[in-house]
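Read through the structure below, which is laid out as structure tokens, and then see the notes.
The values are calculated or read from the model by the stated rules, or taken from the named source; none is laboratory data. Quantities reported herein were computed from a predicted structural model and do not represent experimental measurements. All Cβ positions, even for glycine, are placed from backbone atoms using ideal geometry, and neighbour counts span all protein chains on display. For accessibility, only protein heavy atoms count, side chains too; no ligands or nucleic acids. Shrake-Rupley method; radii C 1.70, N 1.55, O 1.52, S 1.80 Å.
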Amino acid sequence: MDITKNIDMKVERQDIKTLSECKVVMMGITKRFPGVLANDHVNLYVKRGEIHAIVGENGAGKTTLMKQLYGLIKPDSGTIYIDGKQIAINSPSDAISNGIGMVHQHFMLVPPLTVAENIVLGMEPVKGIIFDLNKAREDVEKLSKKYALHVDPDVKIEDISVGMQQRVEILKTLYRGADLLILDEPTAVLTPQETEELFEVMKNLKEQGKTIIFITHKLNEVMAITDYVTVMRLGKVTGRVKTKDTNPNELARMMVGRDVLLRVNKRPPHFGKKIFEIKNLWVKDNRRLDAVRGISLEIHEGEILGIAGVAGNGQSELVEAITGLRRVELGKIIFDGMDITNWSPKQIRRAGIAHVTEDRLKYGLIVKYPISYNFILSRYDERPFSNNGFLDLNAINTKADELIREFDVRTPSRDVLVGALSGGNQQKVIVAREFHFTPKFAVIAQPTRGLDIGAIEFIHNKILEMRDKGIGMLLVSMELEEIFSLSDRIAVMYEGEIMGIVKPEETTVETVGLMMAGTRLDGGHRANDS
Amino acid sequence: MGDIEQMIRDIKKKIFKTAVEFFKRDTFVIPLASIILSLFIAALVILSIGKNPLVAYTALIRGSFGNVQAFITTMIKLTPLILTGLSVAFGFRAGLFNIGAEGQLTMGALAAALFGVYIVGVPAIVAIPIAILGGIAAGGAWGAIAGYLKAETGAHEVISTIMLNYVASLLANFMVNGPFQAVGTGIPKSPEITDAAKLPIMISVQASSLSIGIIISLIAAIIVYIVLQRTTVGYEIKAVGFNPYAAEYGGISIAKNVVLAMFVSGALAGLAGAVEVLGLHHRFLGTLSAGKGFDGISIALIGQNNPIGVVFAALLIAALRTGSNQMQFAGIPKHIIIIVQGLVIFFIATERLVKTMILWKERKEEVLQE
């Protein structure tokens, strides 16, 4: 065994005496992708039986590191020790045979099959050559009892909630004999209640002697459940600390590299007249099923109405219907006294509605256009950017320089292709475009998804600046914290309906969480659930 | 001594880095490198059949640019190829794969011939523009059909333009064997167009006459360049081509631009047909297109869908075709040029592979540095 490495370890993690105390040690892991150093000599020490958080902003290299541990990609250099033994992990099956299991952000389940069938898939018990379903069910029940992970083995995956599907994924890894579980941002898709339940499960697993690596960027979750934290930033480890010896501010500083303001400065609202109204709106999704089911809302000038909800409950369809990208089946959208139902995106924009889209690469930007061209995406045919059908490059460039300065877009030049910018700067380009051209109303979806704390702070303050100028806004976000800190009122969406509308200062995260899971504010449950 | 070695190593590294930057950025270098590489490989093939590649390439150059007549012949071949190349390239910029330049060229030629034959008693200044516009309109309409089908029903333009090629080809055959056949000839060709509709000739050497068609082609390339780079129409078309979702989100109509792009694409191919009839053949022939529409696909690819690039790519193909005859006289099979053409396209299509290889080398270097 290499002695220098042992010394290294003792310096970097003093609570560990010997290599054999560790479930996992990753030493000097370096992984380069074209143009990016995703992992730069990363050392990771995970003690046996602990819940170990890896935190960092998007692009910090957390997932890349875990993919190397799970054998999905190979490191350029570095070594991995499992239970003190150096091993080579060339594929997920190597990882599985070494007792490593991974639950990905996107579940890998077969929807029409049952829970039991999914769990045993690939390692099915057989009687002769025939799949032994009863044995599979028995195994699953035994496993589920052992780890207190309650599932019904006979229901189909497509009929159960996201939280339940996640349990199935965890059971799947346990069925394969996992001793070390990697959970990649497991809470991103869960309601607050489901998150609590997941934490219970994690505690249980820990008591049973399992080791868990928990990837997240939510610091409150780190504080709530983990024993030890490794912080990553730009491919490097920037901090190692016991959870009980730290606090969210310190972690945030290590993640971002500077002090950050986690709170925004929200002034008391000044509401004007009613600027936007939705009456009994019905919209279908791509599968032609009702995604928005009879929603009614009102928004005033200078007001931010936040839409909270778990992803996939009709928020995207609502936004697309308002902005003209999706047909309204029934109901009305009224803006500034005009009925704008089923107007074209262009007409709606001309009327004065801005749209910060939730999917910046699919809808928000043309990545092969330079920054300057992206700024004029909705105004390219208006003066001063065009003149008798010709683009006025001087006007376009002047405006681009102005917006780059005003919105602090970090770029060497306005001629850089937008695709070459980082996510945060791409989002600033969108926000600059949408906010600059004096809208009367703005639909803002997921404005800070995947951004670092610095960019989040900047964009939140821009949103509030717009509100204080008297612009009404509909804000859709999966981040409850964002909804709470920005909104003047919060509407909670569940399966295409509004469960209730509350004021952030008069409610709690728990109340909103219950509504996100389908309980109406007045206490009743959704009619067609009973 | 170590200093000098170090210096040499530094210089080598610098050259390598510059080369890498060059390859990563420049879209012009890849086609050029592909052409040189292709000529080199073809030279090996020529060697392997016991001939001298130098002789072959000298003949090739002499045959395409060696004297005025050779030059004129190259220019005559170049004229329609620029236009079909532009046609396909314009479609590509809107994200559309127009395989129908062949049919659109036929329709443009047919329309131009009809106008050229039946418009009599007007001066050239009227007859020529009408016949040209007729060709543009017919080719454009033929392309717009595929665009409309795509916008309305989602029918893929590759399928519909292939089908429309058959329709155009069969229609052309019917016309030159029936109602539009030159009287009393029994050969599948139309009557000759009136003198007023013929494009003015710039130079004539023996039987080869170069009309102003080449000027029309070059002007078309400049106009397409300006439209794509400097106008709102170009902004819309490219936006739809790069990312239709974002275009729609920004208020650009996808349906309108798909139809428009297919119209313009078809119109350019139609113009190619019109120029062939009015400037070269002076009548409509059933076999007039002869693969020029399909050549447009290769040319657009070699020219990287850039109008200026298309002009040079078309020049390459035209020169290879013209020069190959001279090569044949020198005892080297003219099919060698098909190998060259094929290799050029192959290398450009595998541009990504080449880039990856370069990046891989670069990475290895950097790892070694560490």
Is there a residue in the range A:328-337 that is within 13 Å of chain B (Cβ to nearest Cβ), surrounded by fewer than 20 Cβ atoms within 10 Å (Cβ to Cβ), out of contact with any Ser or Thr (no Cβ under 8 Å at 6 or more places or on another chain) and not aliphatic (A, V, I, L, M)?
no
Those residues of the range B:130-157 that are β-branched (V, I, T) and open to solvent by less than 30 Å² (accessible area, probe 1.4 Å) come to a total of 1
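Can you confirm whether B:G134 is under 16 Å from B:G95 (Cβ atoms) and in contact (Cβ under 8 Å) with a residue 24 or more places away in the chain? Walk me through how you get there before you give the answer.
Numbers: under 16 Å from B:G95 (Cβ atoms): no; in contact (Cβ under 8 Å) with a residue 24 or more places away in the chain: yes.
In short, no.
Quick check on A:E320: is it within 14 Å of chain B (Cβ to nearest Cβ) and touching a residue at least 24 places away in the same chain (Cβ under 8 Å)?
When the stated conditions are applied, A:E320 passes them.
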message: Take B:E236 and tell me if it is open to solvent by 40 Å² or more (accessible area, probe 1.4 Å), assigned to a helix (DSSP H, G or I) and within 14 Å of chain A (Cβ to nearest Cβ).
response: no
Selection from the range B:50-98 of residues touching a Pro at 6+ places or on another chain (Cβ under 8 Å) and either at negative phi or among the charged types (D, E, K, R) (or both) yields B:L86, B:A89
In the range B:272-302, anything in a loop (DSSP other than H, G, I, E, B) and either in contact with a Ser or Thr (Cβ under 9 Å, 6 or more places away or on another chain) or at pLDDT below 90 (or both) is listed as B:R283, B:F284, B:G286, B:T287, B:L288, B:S289, B:A290, B:G291
Screening A:I307, A:I275 for residues that are buried (at least 16 other Cβ atoms within 10 Å of the Cβ), touching a strand residue (DSSP E or B) at 6+ places or on another chain (Cβ under 7 Å) and closer than 28 Å to A:T519 by Cβ leaves only A:I307
By residue number, the members of the range B:36-57 that are surrounded by fewer than 14 Cβ atoms within 10 Å (Cβ to Cβ) and under 15 Å from B:A330 (Cβ atoms) are B:L47, B:I49, B:G50, B:L54
Residues of the range B:252-270 being open to solvent by 10 Å² or more (accessible area, probe 1.4 Å) and either within 8 Å of chain A (Cβ to nearest Cβ) or more than 16 Å from B:G147 (Cβ to Cβ) (or both), in sequence order, are B:S253
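Test of understanding: among B:A172, B:A127, which residue is hydrophobic (A, V, I, L, M, F, W, C), part of a helix (DSSP H, G or I), crowded, with 24+ Cβ neighbours inside 10 Å and modelled with pLDDT under 95?
B:A172
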Note on the range A:122-162: residues free of Cβ contacts under 8 Å to residues at least 12 places away in the same chain, open to solvent by 50 Å² or more (accessible area, probe 1.4 Å) and not basic (K, R) are A:G122, A:V126, A:G128, A:I129, A:I130, A:F131, A:N134, A:E138, A:D159
Note to self: Criterion first (out of contact with any strand residue (DSSP E or B) (no Cβ under 6 Å at 6 or more places or on another chain), open to solvent by 70 Å² or more (accessible area, probe 1.4 Å), β-branched (V, I, T) and farther than 18 Å from B:L105 by Cα) does B:I187 satisfy it?
What the structure shows: yes
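Each row is one residue, and each column tells you yes or no for (1) within 14 Å of another protein chain (Cβ to nearest Cβ); (2) open to solvent by 50 Å² or more (accessible area, probe 1.4 Å); (3) not in a helix (DSSP H, G or I).
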{"position": "A:I366", "(1), (2), (3)": "yes, no, yes"}
{"position": "A:Y373", "(1), (2), (3)": "yes, no, no"}
{"position": "A:T398", "(1), (2), (3)": "no, yes, no"}
{"position": "A:V409", "(1), (2), (3)": "no, no, yes"}
{"position": "A:K428", "(1), (2), (3)": "no, no, no"}
If we keep only residues of the range B:195-213 that are crowded, with 20+ Cβ neighbours inside 10 Å and touching a Ser or Thr at 6+ places or on another chain (Cβ under 7 Å), then the residue modelled with the lowest pLDDT is B:L199
In the range B:80-93, anything open to solvent by 10 Å² or more (accessible area, probe 1.4 Å) and not charged (D, E, K, R) is listed as B:F92
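Results for (1) without any contact (Cβ under 8 Å) to a residue 40 or more places away in the chain; (2) in contact with a Pro (Cβ under 7 Å, 6 or more places away or on another chain); (3) surrounded by 23 or more Cβ atoms within 10 Å (Cβ to Cβ); (4) farther than 30 Å from B:L54 by Cβ, shown as yes or no for each residue.
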residue: B:P244; (1), (2), (3), (4): no, no, no, yes
residue: B:A272; (1), (2), (3), (4): no, yes, yes, yes
residue: B:L278; (1), (2), (3), (4): no, no, yes, yes
residue: B:F284; (1), (2), (3), (4): no, no, yes, yes
residue: B:N325; (1), (2), (3), (4): no, no, no, no
In the set A:L325, A:L361, the lone residue that is within 13 Å of chain B (Cβ to nearest Cβ) and open to solvent by 70 Å² or more (accessible area, probe 1.4 Å) is A:L361
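Would you check which residues across the range B:288-298 are surrounded by fewer than 21 Cβ atoms within 10 Å (Cβ to Cβ) and in contact (Cβ under 8 Å) with a residue 60 or more places away in the chain and list them?
Within the range B:288-298, B:G291, B:F294 meet the criteria.
Results for (1) within 14 Å of chain B (Cβ to nearest Cβ); (2) open to solvent by 20 Å² or more (accessible area, probe 1.4 Å); (3) under 21 Å from the mean Cα position of the chain (by Cα), shown as yes or no for each residue.
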{"site": "A:L251", "(1), (2), (3)": "no, no, yes"}
{"site": "A:N265", "(1), (2), (3)": "no, yes, no"}
{"site": "A:V292", "(1), (2), (3)": "no, no, no"}
{"site": "A:L297", "(1), (2), (3)": "no, no, no"}
{"site": "A:A311", "(1), (2), (3)": "no, yes, yes"}
